[in-house]
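What follows draws every value from the coordinates through simple rules; no lab data is involved. Predicted, not measured: the structure shown is a model, and the values here were computed from it. All Cβ positions, even for glycine, are placed from backbone atoms using ideal geometry, and neighbour counts span all protein chains on display.
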Amino acid sequence: MPLPLPDCQDLRQLVAHLDGLYVQLSALCERSASLLPEVQYRDHGAKLRIYTSLCANLNTQLGQYMRLRRLVILPYFEELKQKEEEGHDCRSCGGRCEMQHSRHVMDIQEAHASLHELAEHLHPFNLSLPASSLTGTELLRDFRATVIKVEELLTEILFIEESALVPLIKELQRKIWAHE
């Protein structure tokens, strides 16, 4: 079932909406990371070890993506919107436009592909871990529930970024005649 897009009129509203989702995702990742060492410490079998390894990898990749977003992509969003508001024309930069417009979109798309691939590996474990291995302890149930929430929120964020944010960025780039 497709998720509804937020009612966002421009890039800043969309970014603000995504920021709220990222705050939630960060909190869930912190919760998952705090539970992970104890879950890993308890040797519950190969399938659970693979699952926790994938979860650790997901936390690492999400942390990297959130840093990329905060340090590179968000400042670019602001600069792009400012250039569009000022009527900037990249054709008149004489090749000195240093924003590397297409690189930013490619960074987002590469990160999304990596996160989608990891989620594809993780999702079957969320569905197939035997209930008996998870009902034994509250810790495992809590960990699994947290990871499922991370996965659901990540799906929502990626959907919004892919279907609203990237097209909006491309439209703003088109309006300023962005080039490499």
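Modelled this way, with points 7 Å down the Cα-to-C-beta line, the labels at residue 19 and residue 78 are 0.9 nm from one another.
Shape summary of region 32-75, radius of gyration then Dmax from alpha carbon positions: 13.7, 44 Å. Coupling constants for region 50-55 follow from the phi torsions by the Karplus curve (6.51 cos²θ - 1.76 cosθ + 1.60, θ = phi - 60°), and in residue order they are 5, 4, 5, 5, 5, 5 Hz; glycine and proline get x. Under 12 Å from a label point set 7 Å out along the Cα-to-Cβ vector of residue 117, no amide N atom of region 48-84 is found.
Of the trypsin sites (Lys or Arg not before Pro) found in region 26-120, those that fall in a DSSP loop while having at most 13 other beta-carbon atoms within 10 Å are 42, 96.
With θ taken as phi - 60° and the Karplus curve 6.51 cos²θ - 1.76 cosθ + 1.60 applied, the whole-hertz 3J(HN,Hα) list for region 141-154 is 4, 5, 4, 4, 4, 5, 5, 5, 5, 4, 4, 5, 5, 4 Hz, x standing for glycine and proline.
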